[in-house]
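Everything on this sheet refers to the single structure shown next.
Laboratory data are not the source of any read-out in this text; all were calculated from the coordinates shown. These numbers were taken from a predicted model, which means no experiment stands behind them. Note that we place each Cβ from the backbone using ideal geometry, even for glycine, and neighbour counts take in every protein chain shown.
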Amino acid sequence: MWPRTGCEHMVEDSVNEGDVASSVIDHAHTTVGGRAGHYFRRLTHVSMCGPPLLFYYGRDAVLSTTHITAFQLTSLVMFVILVAEIIRMRMNITVIGQRPYENDQPSALVWGALSMGSVLLVLHDAPEFGLPICFAVTFADPVAGELRRAGVSSKNATMGCFIVSLVVWMLCAWSVGTPWLFCLPMAFLTAWSEQLRISKLDDNGSMMIVPLVVVLMTRPWLP
């Protein structure tokens, strides 16, 4: 579901790109729950495509069902996840789908949830940007992780991440009016930020935070 943090990248990048697949770390063996936990992690990651659709196109349904706005629901979910994560870290536990490094640091799920919530709240009026930012990490990140797990070189895995991101941005340009000019550079930024090595910051966060900052910088110049 959620690929590596910076420390995991350093471990994997220490292996030469020409090395055989036996040198590759198979996270299915280290994930809580084993192979089933690994695929549960991936499935949860892909399911992250649901909240943006609900936020942008299901606001009336959210209000009629929960009697709070989609903005309030997003904020509430972020608060609950953050509090639950603080408690989990204080208790030094990991749950199914998590990996050992997440025992005493914010998990990939939390980084993904808080980053996605931030994207939605900040770009609440711009699904043409919010959707591709969220969808790119939802689909491209697991692809990069599975390619590395299969023994593909880090360079080619990043290329796979870029291609998936580009497809996502182009589909959004075709369907929701995302400016075509953004497709190529934003796909590049998504793939690049998947490789960032920042202590404690999971790429679930960086792959949304970096594109969000760039969109905020460029929107004032759009017609």
Please find, within segment 99-112, the residue that is nearest to Leu222 (Cα to Cα) out of those that are touching a residue at least 24 places away in the same chain (Cβ under 8 Å) and surrounded by fewer than 22 Cβ atoms within 10 Å (Cβ to Cβ). Pro106
So which residues in segment 152-175 are surrounded by fewer than 16 Cβ atoms within 10 Å (Cβ to Cβ) and of a type outside the set (Val, Ile, Thr), if there are any at all? Lys155, Asn156, Met159, Leu171, Trp174, Ser175
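Quick one: how many residues across segment 193-223 are charged (D, E, K, R), surrounded by 22 or more Cβ atoms within 10 Å (Cβ to Cβ) and assigned to a helix (DSSP H, G or I)? Quick ask: steps written out before the conclusion?
Within segment 193-223, the subset charged (D, E, K, R) is 194, 197, 200, 202-203, 219.
Remaining after also requiring surrounded by 22 or more Cβ atoms within 10 Å (Cβ to Cβ): 194, 202-203.
Then drop every residue that is not assigned to a helix (DSSP H, G or I), which leaves 194, 203.
Residues in segment 193-223 being charged (D, E, K, R), surrounded by 22 or more Cβ atoms within 10 Å (Cβ to Cβ) and assigned to a helix (DSSP H, G or I): 2 in total.
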Selected residue (criterion: nearest to Trp111 (Cα to Cα)) from residues of segment 157-202 that are of a type in the set (S, T, N, Q) and in contact (Cβ under 8 Å) with a residue 40 or more places away in the chain: Ser199
In the list Thr190, Thr138, Thr178, which residue meets the criterion of being surrounded by 21 or more Cβ atoms within 10 Å (Cβ to Cβ) and not in a helix (DSSP H, G or I)? Thr178
Could you list all residues from segment 66-98 that are crowded, with 16+ Cβ neighbours inside 10 Å and part of a helix (DSSP H, G or I)? Ala70, Leu73, Thr74, Met78, Ile81, Glu85, Arg88, Met89
Would you call Thr158 of a type in the set (Val, Ile, Thr), assigned to a helix (DSSP H, G or I) and farther than 24 Å from Tyr57 by Cα? yes
Would you please name the residue that is nearest to the chain's Cα centre (by Cα), looking only at residues in segment 61-101 that are closer than 17 Å to Arg41 by Cβ and of a type in the set (Lys, Arg)? Arg99
